[in-house]
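So the structure is just underneath, and the comments pick up after that.
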Amino acid sequence: MKRAVFLDRDGTLIEEIEFLSDPAQVRVLEGVPQALKLFREMGFLIIVISNQSGVGRGYFDLKAVEMVNEKLRGLLRQEGTDVDDILFCPHAPEEDCMCRKPRPGLLFEAALRYGIDLKRSYMIGDRDSDVGAIASVGGKGILVLTGYGEETWRKWRWGHRPNFVARDLLEGAYWILAKEIEEGLRMLDEKIVEVIVCPVCKGKVFLKEKGLFCKVCKLLYPIEEGIPVMIPEEAIRMEEEDERKAR
């Protein structure tokens, strides 16, 4: 069966705007295209799962949601990437539907449509409902601190805690890559290195004997047991002489 990375939309892929209905306001967050390219190279389906209660509340209609979603996909295509599908719940909270996160209705719909093993999949989002949805089907959840993420983490109330807390989607992608390498599902090969970027400047990194080197930031990200440690605080700042030695 296939595996997927499920992604929340607002606050995870794009800037958080409450009850967003205007495509002109869509802004893709920094590092998102690079994260999606890494997911793709790792072989995951990429599916957006979003609560859009503005429809059920009467703030906007289904067409508005579809226009925002298409704007998002258009911006991603300009960056050379895309998602496989966008599924959303249009109901208000009081409608008590099965598709509104943290309930897993949309996850089940995606699993049936694409043949996905939910237990071996991930979900990334900025709310406890994102983590709760994937936890309820046995998958792994990542909380990002973008959007409402910091507030969510401070006020955490759900029984399911995230498997990892990431600063943004790109850091979440690097954590998944580390898990894939640990479990023997991937290796740090040339194709993976090609889509890895520096988490600081989002520029290309180069494979050196001791790690992955960003020429712009002069940072060397160490490789430990085959796993790149893409955390700025763990990187080694290289002077010109050190850089020559690392070549």
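The values are calculated or read from the model by the stated rules, or taken from the named source; none is laboratory data. Keep in mind it's a predicted model, so treat the numbers as computed, not measured. Every residue, glycine as well, gets a Cβ built from its backbone with ideal geometry; the counts of neighbours run over all protein chains shown.
Some values worked out for this structure:
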| quantity | calculated |
| --- | --- |
| Cβ pairs under 6 Å, 6+ apart, first in the stretch 38-50 and within 22 Å of ASP10 (Cβ to Cβ), second assigned to a loop (DSSP other than H, G, I, E, B) | PHE44/ARG3; LEU45/ASP84; ILE46/VAL83; ILE46/ASP84; ILE47/ASP84; VAL48/ARG9; VAL48/VAL83; SER50/ARG9 |
| Condition check for CYS201: buried (at least 16 other Cβ atoms within 10 Å of the Cβ), modelled with pLDDT of 95 or more and not assigned by TED's automatic domain parsing to the domain that holds GLU30 | no |
| So GLU18, is it of a type outside the set (A, V, I, L, M, F, W, C), assigned by TED's automatic domain parsing to the domain that holds GLY172 and assigned to a loop (DSSP other than H, G, I, E, B) | yes |
| Count of residues meeting criterion [exposed (fewer than 15 other Cβ atoms within 10 Å of the Cβ) and touching a Gly at 6+ places or on another chain (Cβ under 6 Å)] in the stretch 96-114 | 1 |
| GLU233 vs. criteria more than 22 Å from the chain's Cα centre (by Cα) and surrounded by fewer than 16 Cβ atoms within 10 Å (Cβ to Cβ) | no |
| Failed condition for CYS201, given (1) within 19 Å of the chain's Cα centre (by Cα); (2) in contact (Cβ under 8 Å) with a residue 40 or more places away in the chain | (2) |
| Search result, residues across the stretch 21-40 that are closer than 18 Å to PRO90 by Cβ and part of a loop (DSSP other than H, G, I, E, B) | SER21, ASP22 |
| Conditions (1) at pLDDT below 95; (2) small (Gly, Ala, Ser); (3) under 21 Å from the mean Cα position of the chain (by Cα): number failed by ALA246 | (3) |
| All positions within the stretch 1-35 that are farther than 10 Å from GLY147 by Cβ, touching a Phe, Trp or Tyr at 6+ places or on another chain (Cβ under 7 Å) and charged (D, E, K, R) | LYS2, ARG3 |
